[in-house]
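Heads up, the thing below is written out as structure tokens.
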Amino acid sequence: MLETLSIWLAANFGEQTATWFEYFTNGKHLAWYASVRFTLIAAFFGALLAVLFGVLGAAARRSGFAPLRWLGLGYTTMVRGIPDVLFFLFFPLAFEQLVEFVMSRRLCSAEELATAVAWPPCQAAQWYLTTSEYLIMACVSLGIVYGAFAANVVHGAMNSVPKGQLEAARAYGFNNRQIFWNFQVRQMWVYALPGLSNVWMLLLKATSFLSLLQIADIVQWADRLGAPNYLARVGMVHPDWRWKYYFVLFLFYILLTVISERVFDWLQRRAGRGLALHGEQ
Amino acid sequence: MDWLLNNAIVQDIIELARPSLFNLYFALASIPIGFPLAVLLAVMKNSSNSIISRVARTYIYAFRGSPLFIQFFMFYSIMLAFNLSHWKPMGIADIVMHPLFIGPMVLILNTSAYAAEIFYGALKTLPKGEMEAASAFGMNRWQVFKTVTWPNMIRLAWPAYTNEVVFLFHATALVYFTLPVINGQKDLMNKAGEMFERDYNIFLHFSVAGLYFLTISMVIFFVSGRIYKRLMRHMDTGEAASFKLKPNYMR
């Protein structure tokens, strides 16, 4: 289909247009366009997990059980002092090692375990990760890191729920658990939305790290496509065009930000219907 | 003494001391230029001239709306593209292609956008009465800026700006993921990664690297808290006393 389109372009718009069309639809470029899926999957599932971890973290932080409260506090504090990229690399690598550790206990001989200097102790315990496994780990990683940001937002939003609502619920005879999940968590979303939109923007930008986990994402493809090519039989001969490809990514992320902003504005208006929110109306 | 030095954590702390200086350098080199540039951009965005305002608005939006990771790659490849045609003939290739130059350059472009948005937010909430009073006294625009706008803006923006400085420090971890390492000048993440490849002890090395980031972040919060106290010393709001290491985590 692409070939017929190319011939049609050559006939109607000249050889030049067809050449460029062929260049932008060659296998590598198609792979580049397709690799956007990794970014979108990581952003979507990372965000879902981040909201989940956020609610759980905030719930832990206001738990009546002290160790759980400390855990929640530790979780929400960790993002304050340590860069996200460190966690982003740490969780997948640590998980991989943990699995290999368990596998090495089962698969390697006692002799190998005692004498091994490299990791894993024997070849059988090596876990070769595929792209999809790395992608899952990237989603979980993003979820954990930005879940800590979200937990801070959710924690603040829960405090913004009018106390009268919770007291009314108590007066109606709801127990603590019901009050928490059915009233406080239900009502906090509208207060949490501006903060969560901020977390989403951070998470979206962090999806550019996928190539650090060996995923052939848009960044890696941009690097490959832009690399200079001097062999005519490989494709179009061009000097170092990487900056052009990175510039496209630069614009791509700005576009994603614009779209996200629109969507969150709409959500905010929708969620605020019928509520006398401070600062609006 | 020997048991202490042979301790794996202590050894890691010693080994990561020099790399941490590179992270510090990137942050410290970016702030002195990034800060005034941010103030300038904020004033530009607040300008009544629509062209000036739009330029600043676009710049801030673009740099806040795209990942720093991509910005590093983009500017490094732009610098590379100019290398043979411009930097080499001018004889400055060694300087301008060095990560110690490009790193702060990109960080300045990035942090000035984020900080400008903070200062712009502060400019929007300035007390109108004070500015009108200053104008009524017959001050010109520069005098109003110097005596009313500037001090109020800094005071309002300081906690958020502190937060931004910490984020900037964390962002320095990205420099050597995107730029080449020259003469073994590795930063914390890079060195921790190298040590991980040596003995596969990710928990130890990444924790110690994280500890360095955590400690320096806390020092930044502490120093900034002291400066804030000084900035607010004449204000009787109790605000200064309540400034804790509790930023809003948001960039």
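Laboratory data are not the source of any read-out in this text; all were calculated from the coordinates shown. No experiment lies behind these values; they were computed from the predicted model shown. Reconstructed Cβ throughout: ideal geometry from the backbone, glycine too, with neighbour counts over all protein chains shown.
Per residue of A:117-130, other chain Cβ atoms within 10 Å of the residue Cβ number 1 on average.
Farthest toward the positive end of the dipole of the stretch A:28-271, out of A:Trp32, A:Val153, A:Leu98, is the Cα of A:Val153, where the dipole comes from beta carbon charges about the Cα centre. The residues neighbouring B:Ile9, those whose beta-carbon lies less than 14 Å from its own, together hold a net charge of -3 under the Lys/Arg +1, Asp/Glu -1 convention.
By the count of other C-beta atoms within 10 Å, a proxy for reagent exposure, A:Thr25, B:Thr215 are ordered fewest to most as B:Thr215, A:Thr25.
The fewest-to-most ranking of B:Tyr59, A:Tyr230 by surrounding Cβ atoms within 10 Å reads A:Tyr230, B:Tyr59.
For the Cα atoms of chain A, what angle does the longest principal axis make with the long axis of helix A:186-206, in degrees from 0 to 90, nearest 10? In chain A, helix A:186-206 runs at an angle near 30 degrees to the longest axis.
Using a simple spin-label model with pseudo-atoms 7 Å out from Cα toward Cβ, A:Trp181 and B:Val219 lie 4.7 nm apart. Counts of other chain beta carbons within 10 angstrom of each beta carbon in peptide A:237-250 average 5.
With Cα atoms as the point set, the radius of gyration and Dmax of the protein assembly as shown evaluate to 26.2, 88 Å. Annotation: cysteines of the protein assembly as shown without a disulfide-compatible partner (Cβ-Cβ under 4.7 angstrom) are A:Cys139. Charge dipole of the stretch B:2-242 (Cα centre as origin; +1 on each Lys and Arg Cβ, -1 on each Asp and Glu Cβ, all else neutral): 960 debye, rounded to the nearest 20. Subtracting the Cα-Cα distance of A:Asn159 and A:Ala118 from 0.36 nm times their residue separation leaves 9.7 nm of extension gain. By the helix-only formula, in which each DSSP H run with n ≥ 4 contributes -39500 (n - 2.57) and the sum is divided by residues, chain B has a 222 nm mean residue ellipticity of -24000 deg cm²/dmol. Counted as membrane-span-like here are DSSP H helices of chain B whose alpha-carbon atoms extend 20 Å or more along the helix's own axis and whose Kyte-Doolittle mean is 0.0 or above; these are B:17-45, B:50-64, B:68-82, B:99-124, B:150-171, B:202-231. Using the empirical formula 2.2 N^0.38 Å as the baseline, the Cα radius of gyration of the stretch A:1-158 reaches a ratio of 1.59. With the highest mean first, a sort of the peptides A:141-153, A:175-187 on other beta-carbon atoms found within 10 angstrom per residue produces A:141-153, A:175-187.
Counting only alpha carbon atoms, the long axis of helix A:84-107 and the longest principal axis of chain A meet at about 90°.
Based only on other Cβ atoms within 10 Å, what is the fewest-to-most ordering of B:Ser47, A:Ser208?
B:Ser47, A:Ser208
Take the Cα of B:Phe82, step 7 Å toward its Cβ, do the same at A:Thr130, and the gap between the two points is 4.5 nm.
In a simple Cβ point-charge model (Lys, Arg +1; Asp, Glu -1; nothing else charged), the stretch A:200-278 has a dipole of about 220 debye relative to its Cα centre.
Charges were assigned to the Cβ only: +1 to each Lys and Arg, -1 to each Asp and Glu. The resulting dipole of the protein assembly as shown about its Cα centre is roughly 1920 debye.
Grab the beta carbon distance between A:Ala34 and B:Met235, set R0 = 45 Å, and tell me the FRET efficiency rounded to 0.05. Efficiency computed from Cβ-Cβ geometry: 0.20. Taken over the alpha carbons of the stretch A:1-71 as equal point scatterers, the Debye sum produces base-10 log I(q)/I(0) values at 0.12, 0.16, 0.21 Å⁻¹ of -0.56, -0.71, -0.86.
The long axis of helix A:36-61 is offset from the longest Cα principal axis of chain A by roughly 20 degrees. By definition, a body whose alpha carbon gyration tensor gives a ≥ b ≥ c is oblate when a/c is 1.5 or more and a/b is not larger than b/c, and chain B fits this oblate description. Think of the stretch B:2-242 as a dipole: +1 on every Lys or Arg Cβ, -1 on every Asp or Glu Cβ, centred on the Cα centre; then among B:Ile70, B:Met195, B:Val39, B:Val39 lies furthest on the positive end. Where does chain A land on Rg/Rh, using Cα atoms and the Kirkwood Rh? Across chain A, the Cα-based Rg/Rh ratio is 1.10.
Going down the table (B:Lys124/B:Lys229; A:Lys244/B:Lys146; A:Lys163/A:Lys205; B:Lys146/B:Lys186; A:Lys205/B:Lys186; A:Lys205/B:Lys229), which pairs top 31 Å between alpha carbons? From B:Lys124/B:Lys229; A:Lys244/B:Lys146; A:Lys163/A:Lys205; B:Lys146/B:Lys186; A:Lys205/B:Lys186; A:Lys205/B:Lys229, over 31 Å: A:Lys244/B:Lys146; A:Lys163/A:Lys205; B:Lys146/B:Lys186; A:Lys205/B:Lys229. A simple spin-label model places the labels of B:His98 and B:Ala8 3.7 nm from each other, with each point 7 Å out along Cα-to-Cβ.
What's the average, rounded to a whole number, of partner chain beta-carbon atoms within 10 Å of each residue's beta-carbon in B:195-207?
Other-chain Cβ atoms within 10 Å of each residue's Cβ, averaged: 3.
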